[in-house]
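As structure tokens, the structure follows; a few thoughts come after it.
The values are calculated or read from the model by the stated rules, or taken from the named source; none is laboratory data. Everything quoted here is computed from the prediction, not taken from an experiment. Note that each Cβ is placed from the backbone with ideal geometry, even for glycine, and that neighbours are counted across all protein chains shown. With ligands, DNA and RNA removed, areas are computed over all heavy atoms of the protein, side chains included. Shrake-Rupley method; radii C 1.70, N 1.55, O 1.52, S 1.80 Å.
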Amino acid sequence: MLRTITFSLCLAATSLWIASPLAANASVPATRPNIIVILADDLGHGDLSSTGSHIQTPNIDSLAVHGSTFTDAYITAPVCLPSRMGMLTGTYQESFGVQTLAGPGGVRDFGIPHDRPTLAQDLKAAGYATGIIGKWHLGEEAEYLPNEKGFDDFYGFLNGWFPYFQDSKAGQLWHNDQKVPKVAYITDDFGNKAAEFIKKNRDQPFFLYLSFSAVHLPLEAKDESIEPYKDIKDLNTRLYAALTSSLDDNVGLVLEALEVNGLYDDTLIFFLSDNGGFPRRWASNAPFQGGKYVLYEG
């Protein structure tokens, strides 16, 4: 049985949700631990089964059971762009002029300044293989792209949101600087790509930033994910539950990939959300006030 440690921690640039450290009963690894940061998008504090939701999230919950829960750690902004900048640079994003969904002077395509190294750049310099899968949203100009910010491998999209199904005309997926075709369901695609990254890099220390677009709008879910929640009368609430369930399924896929490749006990896994749930009736930030866009704790 792995030991569970629960304590309070306030971090300037890392939010909490849940963090799962190296297994407490495992010996200290001979090599440096792998690091995986799993970031949800617009997930409310109260939207996990471990925090009181009707939505079943056993895989995410398992990180708390087998690891640590940080109950007083906060993100640095209530919207995604500044929050993600703060997390990846380890500095308050206000210090370089970012407080909202734009940079200084209202520039919409503002990226991480070049004098603020990212976590990926620091870890790459330390010999880690680095990868990002999922949402970037930290600048679309060439100088701000993931490969310029310390990531060896990028698979995902550059803007702030992406359709979940491939039949939408919106958005473009990229593998580094190459356009790639859309996939059947984007959350599953990101989970599968993460499993592939883990297998590919199993013989060297790696840092994976798994930046899901779930559970950000649009509310689009697979029929098989909706089925367990079919009795929920409100359509939006039903779809949101299914979106969250798909997110949890793919966190499970990542954990399975670590187990299969013999890496689970040598990997630090952090799970958090970029900000609170969207302030509509389908998301819950209980027991806190507020949510996305709002400076209360939720």
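What is the one condition in (1) in a helix (DSSP H, G or I); (2) open to solvent by 40 Å² or more (accessible area, probe 1.4 Å) that Ala64 does not satisfy?
Failed condition: (2).
For residues in the range 189-233 being part of a helix (DSSP H, G or I) and of a type in the set (Ser, Thr, Tyr), which is farthest from Leu247 (Cα to Cα)?
The qualifying residue farthest from Leu247 (Cα to Cα) is Tyr229.
Name every residue in the range 90-136 that is more than 15 Å from Ser211 (Cβ to Cβ) and among the hydroxyl-bearing types (Ser, Thr, Tyr), in order of residue number.
Answer for the range 90-136, where residues must be more than 15 Å from Ser211 (Cβ to Cβ) and among the hydroxyl-bearing types (Ser, Thr, Tyr): Thr91, Tyr92, Ser95, Thr100, Tyr128.
From the list Asp72, Asp47, exactly one residue is at pLDDT 50 or above, in a loop (DSSP other than H, G, I, E, B) and open to solvent by 10 Å² or more (accessible area, probe 1.4 Å). Which is it?
Numbers: Asp47 fails: open to solvent by 10 Å² or more (accessible area, probe 1.4 Å).
That would be Asp72, the only listed residue that is at pLDDT 50 or above, in a loop (DSSP other than H, G, I, E, B) and open to solvent by 10 Å² or more (accessible area, probe 1.4 Å).
Can you name the residue in the range 243-266 that is assigned to a helix (DSSP H, G or I) and polar (S, T, N, Q) and is also surrounded by the most Cβ atoms within 10 Å (Cβ to Cβ) among such residues? Step through it out loud before you land on a result.
Taking the range 243-266 and keeping what is assigned to a helix (DSSP H, G or I), we get 243-260, 264-266.
Applying the additional criterion that residues be polar (S, T, N, Q) yields 244-246, 250.
Values: Thr244: 29, Ser245: 24, Ser246: 25, Asn250: 24.
Checked the range 243-266; the qualifying residue surrounded by the most Cβ atoms within 10 Å (Cβ to Cβ) is Thr244.
What pairs can you find where one residue is in the range 178-193 and in contact (Cβ under 8 Å) with a residue 60 or more places away in the chain and open to solvent by less than 20 Å² (accessible area, probe 1.4 Å), the other is among the β-branched types (Val, Ile, Thr) and outside any loop (DSSP other than H, G, I, E, B), and their Cβ atoms are less than 9 Å apart, with a gap of 6+ or different chains?
Phe190/Ile133; Gly191/Ile133; Gly191/Val251; Gly191/Val254
From the list Gly156, Gly150, exactly one residue is farther than 27 Å from Ala242 by Cα and open to solvent by less than 20 Å² (accessible area, probe 1.4 Å). Which is it?
After ruling out the rest, the residue left standing is Gly150.
Those residues that are surrounded by 20 or more Cβ atoms within 10 Å (Cβ to Cβ) and either touching a Phe, Trp or Tyr at 6+ places or on another chain (Cβ under 6 Å) or part of a helix (DSSP H, G or I) (or both), I need them from the range 267-298; list them, please.
Across the range 267-298, the qualifying residues are Phe271, Leu272, Ser273, Trp282, Lys292, Gly298.
Given the conditions (1) part of a helix (DSSP H, G or I); (2) aromatic (Phe, Trp, Tyr); (3) closer than 28 Å to Asn147 by Cβ, report the number of the one that Tyr240 does not fulfil.
It fails just one condition, (3).
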